[in-house]
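Here is the structure we will look at.
The values are calculated or read from the model by the stated rules, or taken from the named source; none is laboratory data. Keep in mind it's a predicted model, so treat the numbers as computed, not measured. All Cβ positions, glycine included, derive from the backbone under ideal geometry; neighbour counts span all protein chains shown. These accessible areas exclude ligands, DNA and RNA; they are computed on the full protein's heavy atoms, side chains included. Shrake-Rupley method; radii C 1.70, N 1.55, O 1.52, S 1.80 Å.
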Amino acid sequence: MTKRVLILCTGNSARSQMAEGFFRKLGGADYEVHSAGIYPSTVNPLAIEAMREIGIDISGHRSKSVDEFAGQSFDTVITVCDFAAEHCPIFPGSPQRMHWNLPDPAAVGSHDQKLAGFRSIRDELASLIRKFLAKQ
């Protein structure tokens, strides 16, 4: 049976988009994965670049509002920032809720510093998602 996962952050522009890409690659057909934001914007080009470096293409992703998933049930809802955790709506029938507080990689510095931040978050997400999948 396919497990449904929803990943939430503030803008659905970086952390949740990268997590969705990892879940789709690592979880394969066993997972139906979506990501959304409390205040959706656009997918950050640095998130696309950082994921492309490791062979995962998220360039076709779009930023989505959490409202698009209202009333749906998920096996797991994962928030990847404190703001999303505080403002996340309740999803009926979603028995597992997890929180991974990851800093916003777009928040500081020059282009090179931001890209380094995106790479760091990418690698942390890879580790967290591998651990999650190993426990399922």
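Yes or no: region 51-71 includes at least one residue that is touching a residue at least 60 places away in the same chain (Cβ under 8 Å), charged (D, E, K, R) and over 20 Å from Lys131 (Cβ atoms).
Yes, there is a match, as at least one residue in region 51-71 is touching a residue at least 60 places away in the same chain (Cβ under 8 Å), charged (D, E, K, R) and over 20 Å from Lys131 (Cβ atoms).
Surrounded by fewer than 20 Cβ atoms within 10 Å (Cβ to Cβ) and within 17 Å of Ser127 (Cα to Cα), is that true of Gly27?
yes
Do we find a residue being closer than 23 Å to Met1 by Cβ, open to solvent by 20 Å² or more (accessible area, probe 1.4 Å) and not in a strand (DSSP E or B) anywhere in region 115-125?
No: zero hits.
Can you say whether Ile58 is modelled with pLDDT of 85 or more, buried (at least 18 other Cβ atoms within 10 Å of the Cβ), touching a strand residue (DSSP E or B) at 6+ places or on another chain (Cβ under 7 Å) and closer than 17 Å to Ala36 by Cβ, as far as the supplied structure shows?
no
Step by step: first the residues of region 88-102, then only those that are under 28 Å from Arg119 (Cβ atoms) and at pLDDT below 90, then the one that is least open to solvent (accessible area, probe 1.4 Å). Which residue is that?
Cys88
Give region 68-87 a look and list any residue that's open to solvent by less than 20 Å² (accessible area, probe 1.4 Å) and modelled with pLDDT under 90, or say none.
Cys81, Ala84 - these are the residues of region 68-87 that are open to solvent by less than 20 Å² (accessible area, probe 1.4 Å) and modelled with pLDDT under 90.
Of the residues Phe83, Phe91, which is out of contact with any helix residue (DSSP H, G or I) (no Cβ under 9 Å at 6 or more places or on another chain), touching a residue at least 40 places away in the same chain (Cβ under 8 Å) and of a type outside the set (Asp, Glu)?
Checking each option against the conditions leaves just Phe83.
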